[in-house]
Amino acid sequence: MKFRPLHDRVVIRRAEGDTKSKGGIIIPDNAREKPQEGEVIAVGPGARDENGALVPLDVKAGDFILFGKWSGTEVKIDGEDLLIMKEADIMGVVDKGETDVIEKAVKAKKAA
């Protein structure tokens, strides 16, 4: 099935959560906290302003984003769990290059 969101809605595949705690304990699925980040799968054409002009979305398919904990509606499309939310619920786009720098800084801080 092909799904196309309407207006300013975005379809997101939630990122995989950690299966182990920092101490090495395996966390079961029902106790695991859902990640607040994911990949944009599809976007709608955009919202209309008060003059009727189409305002395109700032995110595009393939972007890695952060969103609020209770944002969006969980749906199952073709057996895959996805989220549908409005663009306003998205906090920002994560640049993969920046995450590598952040991860290296965190690892260096832990090593020190």
Report summary line: With the first residue restricted to segment 60-79 and required to be under 15 Å from residue 92 (Cα atoms) and among the hydroxyl-bearing types (Ser, Thr, Tyr), and the second required to be modelled with pLDDT of 85 or more and assigned to a strand (DSSP E or B), Cβ contacts under 6 Å at 6 or more apart or on different chains are 71/85
Query raised in the report: Out of 102, 25, which single residue is at pLDDT 65 or above and not polar (S, T, N, Q)?
Result: 25
Query - Identity of the residue in segment 43-74, among the charged types (D, E, K, R) and assigned to a loop (DSSP other than H, G, I, E, B), that ends up surrounded by the most Cβ atoms within 10 Å (Cβ to Cβ) - result: 63
Report summary line: For residue 18, the lone unmet condition from (1) modelled with pLDDT of 85 or more; (2) in a loop (DSSP other than H, G, I, E, B); (3) surrounded by 10 or more Cβ atoms within 10 Å (Cβ to Cβ) is (1)
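The values are calculated or read from the model by the stated rules, or taken from the named source; none is laboratory data. Just so you know, these numbers come straight off a predicted model, no measurement behind them. So basically every Cβ, Gly included, is an ideal-geometry build from the backbone, and we count neighbours across all protein chains shown.
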